[in-house]
Each structure stands twice: as structure tokens, then as C-alpha cells.
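Asks: Sharing a structure, written as C-alpha cells. Questions coming.
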Amino acid sequence: MLFNFPGSHLGCTERGNDTKISEFLILGFSEEPQWQPLLFGLFLSMYLITVFGNLLLILAVSSDSHLHTPMYFFLSNLSFVDICFTSTTIPKMLLSIQTQSSVITYEGCISQMYFFILFAGLDIFLLTMMAYDRYVAICHPLHYMIIINPQLCGILVLVSWITNILYSLIHSLMIVRLSFNRVEIPHFFCELNQMVQLSCSDTFLNNLLIYFGTGLLGGGTLAGIFYSYFKIVSSICGMSSAQGKFKAFSTCASHLSAVSLFYCTSISVYLSSAATPSSHSGAAASVMYTVVTPMLNPFIYSLRNKDIKGALKRFIGVETIKGLIGQG
């Protein structure tokens, strides 16, 4: 994404604006009336699939004692975060389409941006934890239960929450100090970089924090994932049995697919925004990792996973039986 780095904005007083803006206009994808019903139906469908798909995965894992393992603990947390991630943006967009109003209050915009950064960061951290879990399971199978113990899993999730809460809070406080004399956000939610570009204040510190956060948190977690899979591939290549290689690879294939989908779509957003800044193309590209990826994750982790499919069948079967008994 393109940043005005270092602070290249003119002063707000130089542009004749000393008043505090109380609301923003989220331009979304299209202002054409004929497209609104289609957009509403499309995003409502994707949102419902995301919520029910991830919720069903959480219930299946929690109801089956065989799945009370570190890998599925992280997966349940990922599903919960994905529900929150999409709920940060999509309900507001659906409400705007339904009411034909693109207005969002200043406080609402800051809150939406805060929670979006929070859950996006948690997504990245959880994917990194899952990569480490697969690395230990494949490269150190005899010590897996000793290394990846329940206490460590709880600490890793707790640290990721604390880190991302503080990181999101810092970004929000840095935005609050800015002044604005433009209110149109060319996106379907209050996206951090768009907010910085709208400001008429000096945004040097904001851009510095964005670069620092992207490099340290984004780059650091991605490096951890790359390292884990480098060691996994090296370990698999050293196996003599073809069946052993296939079994080892199949245990991390779903996670690798989810990681590839998330990072590839995120990079596509970066490239799209860099090529055509402040346009609807960036918003359209953002749909891939903000909506499509959380929607597909339950399918990625369940379609090729016998344990998950078995747990889902048992859970749905038990609930069906309970329903029939209740009716009787």
C-alpha cells in the first residue's frame, strides 16, 4: 500500500479546516442502486456461511474428547477469531446497504478499525502457532506432548491476545491525534491506511508505526511459518517410507492451504492498492482475506480431515436425536 511517508500532508489550518469531523462516509463497492440488492445478498450469504461454518467447527471440536489436543485447540481459537474478524466489518456494511446510508460516526470508525487490527493480528499469530505445532509434531514426535502442553498453548494464546490488544490500541490512539478535512473512505470499512491517507495532519509517526508493525509482527510471524515448514519439508524428505511421507504431509496440508490463502490474498491487496491507491479495487481485493478466507477455513480444515468429519457427523447426529426426542 502506498503511504505518504514521511508526513507529506499539508497542515489542516492551511486547508482552512479547524473543525473536528464527527462522521465519515464509507463509499463501499458501488453507489449504483441496481447493484445494492446483489451486494447485500452476496455478502449476507458469505457472512452466514462464515459464522455457521466456524461455529459448527468449534462445537464439533468441543463436543469430541478425541479432539481435545493442541492442534484442535488452536483451530477452535482460529474459528472464533474468524467469526469476530468478519463481524467487525460485514454487519455494518449490510446495514449501510439496507438503510442506504454510508455514514459511520467518528467513534464507530475508530472502534471498527481497532477491532479489525486486533482480529487480523490474532489470525496471523494463530496461524504461526499452528505452524509451530505441526513442526513439533512432525520433527519431534516423541517429545510432542511434553513440548506442546496445555500450559504452553494457553500462554501462547494469552500472549497473542495481549500483544494484539496493545498493538491495536496504539494504532487507534495514533489515529485519534490526527485531524481530517476529508470524510470519504474509498473502502467498505474503516481501514487503517485509508484513514492515514485521509488525514491533513503530519502522518510521519503513523506511517513509521505501520512499517514497524508490518515488519516486526507480520514479517516475524511469516518468518516463523517459513522456518517451521522448511524444517518440516526437510524432515519429510528424510523419511524412508512413502506412506510415512504421505501421512506427515497430510497432517499439515490443511494448515498450509489456509496460510497460503491468507497471505496470498493479503499480498494481492497490497499490490492492488499500490497500483491504484484510493480506488475501489483495493476494497474489492480486501474481500478475499477479510471475507473469503474466514469463510473457506472450515471447509479447508474439515474436507480432508477424517477426525473433523467424524466429529461433525457425531455432533450433528446427537443434536438430531435430541431434537427428535424433544419433539416426541
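Asks: Exactly one condition in (1) in a helix (DSSP H, G or I); (2) among the hydrophobic types (A, V, I, L, M, F, W, C); (3) under 28 Å from Ile267 (Cα atoms) is false for Ile146; which is it?
Replies: Every condition holds for Ile146 apart from (3).
Asks: For Phe125, are the conditions met, namely being in contact with a Ser or Thr (Cβ under 6 Å, 6 or more places away or on another chain) and open to solvent by 60 Å² or more (accessible area, probe 1.4 Å)?
Replies: In short, no.
Asks: For the list (1) of a type outside the set (Ser, Thr, Tyr); (2) modelled with pLDDT of 90 or more; (3) in contact with a Leu (Cβ under 9 Å, 6 or more places away or on another chain), I need the number of the one condition that Phe52 fails.
Replies: Against the list (1) of a type outside the set (Ser, Thr, Tyr); (2) modelled with pLDDT of 90 or more; (3) in contact with a Leu (Cβ under 9 Å, 6 or more places away or on another chain), Phe52 comes up short only on (3).
Asks: Right, here's the next one. Give me the pairs, please: first residue somewhere in segment 229-250 and in contact (Cβ under 8 Å) with a residue 12 or more places away in the chain, second residue anywhere and part of a loop (DSSP other than H, G, I, E, B), beta-carbon distance under 8 Å, and either six or more positions apart or on two chains.
Replies: Listed pairs, sorted by first residue: Ala248/Met239; Ser250/Arg304.
Asks: Okay, moving on. Kindly check whether there is at least one residue in segment 91-102 that is open to solvent by less than 10 Å² (accessible area, probe 1.4 Å) and either within 27 Å of Thr221 (Cβ to Cβ) or modelled with pLDDT under 95 (or both).
Replies: So far as segment 91-102 goes, no, none of its residues is open to solvent by less than 10 Å² (accessible area, probe 1.4 Å) and either within 27 Å of Thr221 (Cβ to Cβ) or modelled with pLDDT under 95 (or both).
Asks: Could you count how many residues in segment 142-196 are under 30 Å from Tyr106 (Cβ atoms) and open to solvent by 30 Å² or more (accessible area, probe 1.4 Å)?
Replies: 17
Asks: Could you tell me which of the residues Asn164, Asn181 is modelled with pLDDT under 95 and in contact with a helix residue (DSSP H, G or I) (Cβ under 7 Å, 6 or more places away or on another chain)?
Replies: Asn181
The values are calculated or read from the model by the stated rules, or taken from the named source; none is laboratory data. All figures in this text were calculated on a predicted structure; none of them were measured in a lab. For neighbour counting, all protein chains shown are included, and Cβ atoms are generated from backbone atoms with ideal geometry for every residue, glycine included. SASA here: full protein model, heavy atoms, side chains in, ligands and nucleic acids out. Shrake-Rupley method; radii C 1.70, N 1.55, O 1.52, S 1.80 Å.
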